[in-house]
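Novice: Okay, handing you the structure first.
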Amino acid sequence: MELAIALDFQSQTPLHQQLYEALQRAILQGILPPRYRLPSTRSLAKSLGISRNTVTQSYDRLLGEGYLATVAGSGTYVSDRLPEEFLQAKAVDPPLSAMRSPHSLSEYGERLAKNELALQPEPDVAINFRYGTPNLDLFPVKLWRKLLSRHCCGGREWLDYARDFRGYAPLREAIAGYLGRSRAVKCNPEQILLTNGTQQAVNLILRVLFVRGEAIAVEDPGYLSAKRIFASYDADIIPIPVDASGLVVEKLGDREAKLVYVTPSHQFPTGAILSLSRRLALLQWAQQTGGLIIEDDYDSEFRYGERPIPALQGLNGGNSVLYIGTFSKVLFPSLRIGYLVLPEHLVEVFLRAKWLCDRQLSTLDQYVLTDFIEEGHLESHIRKMRSHYDKLRQTLVKALEEFFGDRVTIFGEKAGIHLMAKFHFPLRDEEVISRAESVGVGLMSARVHYLDACDRGEFIFGYGELSEEQIWEGIEKLAVAIHVVKVGITHLGIH
């Protein structure tokens with residue numbers, strides 16, 4: 001698994017020293033646990049963009065001091081026993097722990113009644129570029145079934161009520177370790193609250209922290225479902241524009257926003273990645289104003305040709321960031337296990353809100369997911385799917401460029417399982433969607449994710465559940481349907 005390590009290429013401290021200190025710190029803090037297998041020197045050097053010799057120097061020093069150990073023919077691992085002078089484990093003290101008549105709605109109910117969800121029905125088409133759905137055919141179902149059987153045939157604790165409303169403790173420990181390695185998130189398991197997906201996490205944040213009429217800043221365009229939740233709480237929604245470097249933080253200015261909702265590692269839907277300078281500026285804004293940042297890290301596991309990007313939460317220790325993640329994209333949507341990483345001072349009140357909301361998630365699913373992570377299956381599955389999605393991404397980009405040329409601009413193709421494309425021809429979005437559907441291709445306009453919802457010729461192309469052949473055929477049919485190319489003269493294919 002790639003390690004999220006930040007190196008300062010402008011520093012006077014040699015890179016091998018920076019890498020040594022970063023790895024040593026991760027080992028001492030338990031982010032890299034005993035017997036954790038480190039990437040090869042070649043792999044880590046490629047991931048970090050440094051020389052292999054630099055990595056080798058750092059590894060050799062850690063080996064010499066007893067932090068690492070090598071196993072012939074297997075690799076380099078974190079030692080079971082660390083140098084005596086550093087064995088200073090610190091104990092972590094745990095934090096303190098009538099529906100109305102349908103004829104008379106609450107104010108919240110009235111707002112819901114006036115704001116329809118306006119869900120789009122799935123088109124009856126052979127090739128659907130819907131976004132957000134992973135490839136379920138490649139999920140290791142037999143392995144998952146085996147893990148399920150392991151617990152079903154064992155004890156019966158999973159049939160009872162949960163003992164800890166945060167979620168199964170070993171699962172939270174596994175998630176904390178995974179987030180520390182892959183996203184540089186700084187947290188202990190007690191800061192993690194398991195949720196019924198991202199939606200519940202956002203709802204809990206609003207229920208606990210938001211007062212009616214307060215302002216919430218959102219990316220524009222941005223994630224539609226989050227904005228619908230904000231509207232249901234009667235928030236004053238402030239749109240902040242997005243460009244190629246993500247949220248334009250300077251546009252926050254003196255706006256008195258209580259919360260800012262962002263998708264910094266793969267902005268939805270444009271795919272922009274929030275630059276480091278803007279990440280630091282956003283954290284500074286939160287510190288100066290007392291505002292809080294909701295960081296939705298929904299699919300950052302899938303990056304193509306980019307270094308691992310540390311989460312916003314890890315840049316300031318999480319004091320002003322509420323970090324949300326989910327297993328819906330990396331595993332399967334119906335699992336419905338997400339997580340909310342909270343600042344320590346907010347854990348207790350969120351725990352009470354969660355208890356009042358739904359008490360607990362499926363204990364059996366939590367047991368299975370724990371084994372799936374601890375036995376290395378999660379990281380193995382992510383590596384496999386990243387390679388698979390990268391091929392699909394390259395096919396989609398090539399097909400769009402081949403069939404549309406300078407009539408299309410592509411955004412956000414470096415991460416995730418969708419990209420956004422802007423077409424440069426005089427057709428309304430609905431006309432493009434209608435023509436696509438007439439030839440068996442499903443498309444979705446990006447306009448619903450803007451607050452003003454007007455035509456821009458921008459469309460979201462999800463590719464996670466399609467094959468390379470389907471992608472190529474779908475783009476070819478789309479080009480024919482909107483008369484970019486003529487029927488009978490297309491001959492391009494996958495090579």
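None of the figures in this text is laboratory data; all of them are computed from the coordinates on show. Remember, it's a predicted structure, so these values are computed and weren't measured experimentally. No Cβ is skipped: glycine too gets one built from the backbone with ideal geometry, and neighbour counts run over all protein chains shown.
Novice: Only sites in a loop by DSSP and with at most 13 other Cβ atoms within 10 Å count here; which GluC sites (Glu not before Pro) in the range 291-355 make the cut?
Specialist: Listed in order of number, the matching sites are E306.
Novice: When a footprinting reagent is the concern and you count Cβ atoms within 10 Å, what order do Y389, Y339, Y233 take, fewest first?
Specialist: In increasing order of surrounding Cβ atoms, one gets Y233, Y389, Y339.
Novice: Where does the Debye-calculated log10 I(q)/I(0) of the chain sit at q = 0.13 Å⁻¹, using only Cα point scatterers of equal weight, no solvent?
Specialist: Log10 of I(q)/I(0), two decimals: -1.41.
Novice: Based on Cβ point charges of +1 for Lys and Arg and -1 for Asp and Glu, what charge dipole magnitude is obtained for the chain about its Cα centre, in debye rounded to the nearest 20?
Specialist: Using Cβ point charges on Lys, Arg, Asp and Glu, the chain gives about 700 debye.
Novice: List, in the order given, every pair from K142/K391; K46/K329; K186/K422; K258/K354; K354/K391; K114/K422 whose Cα-Cα distance in the structure shown is over 29 Å.
Specialist: Too far apart for the 29 Å limit: K186/K422; K354/K391; K114/K422.
Novice: Where the eigenvalues come from the Cα gyration tensor of the range 15-86, what are the semi-axes √(5λ) of the equivalent ellipsoid, largest first, in whole Å?
Specialist: Semi-axes from the Cα gyration tensor: 19, 14, 11 Å.
Novice: If R0 is 51 Å, what FRET efficiency do you get for V211 and K422 from their C-beta distance, rounded to 0.05?
Specialist: The calculated FRET efficiency here is 0.85.
Novice: When the Cα centres of the range 314-368 and the range 183-254 are compared, how far apart do they sit, in Å?
Specialist: 15
Novice: Which distance in nm do the two modelled labels at F139 and S43 give, with both placed 7 Å along the Cα-to-Cβ direction?
Specialist: Going by the 7 Å Cα→Cβ label model, 2.5 nm.
Novice: Sticking with this structure for a sec: Okay, helix-only estimate at 222 nm for the chain: each DSSP H run of n ≥ 4 adds -39500 (n - 2.57), divide by all residues, round to 500 deg cm²/dmol; what do you get?
Specialist: -11500 deg cm²/dmol
Novice: Here is a follow-up. For the range 254-337, what is the per residue volume of the convex hull drawn over the alpha-carbon atoms, in cubic angstrom?
Specialist: Measuring per residue, one finds 113 Å³ for the Cα hull of the range 254-337.
Novice: Kindly put D358, D220 in sequence by how many other C-beta atoms sit within 10 Å of each C-beta, fewest to most.
Specialist: Lowest count first: D358, D220.
Novice: Looking only at the range 141-375, where both bridge partners belong to it, what percent of the DSSP beta bridges are antiparallel (to the nearest 5)?
Specialist: So the antiparallel bridges in the range 141-375 amount to around 35 percent.
Novice: Further question: Working from the alpha-carbon coordinates of the range 141-375, get Rg over Rh, Rh being the Kirkwood radius.
Specialist: With Rh from the inverse mean 1/r over Cα pairs, Rg/Rh is 0.97.
Novice: Round to the nearest 0.05 the FRET efficiency obtained for D455 and N188 when R0 = 35 Å and r is the Cβ-Cβ distance.
Specialist: After rounding to 0.05, the efficiency reads 0.15.
Novice: Hey, fewest Cβ within 10 Å first, where do Y304, Y131 land in order?
Specialist: Y304, Y131
Novice: A further question follows. List the trypsin sites (Lys or Arg not before Pro) within the range 309-377 that DSSP assigns to loop and that have no more than 14 neighbouring Cβ atoms inside 10 Å.
Specialist: For trypsin sites (Lys or Arg not before Pro) across the range 309-377 that sit outside H, G, I, E and B with at most 14 neighbouring Cβ atoms in 10 Å, the list reads R359.
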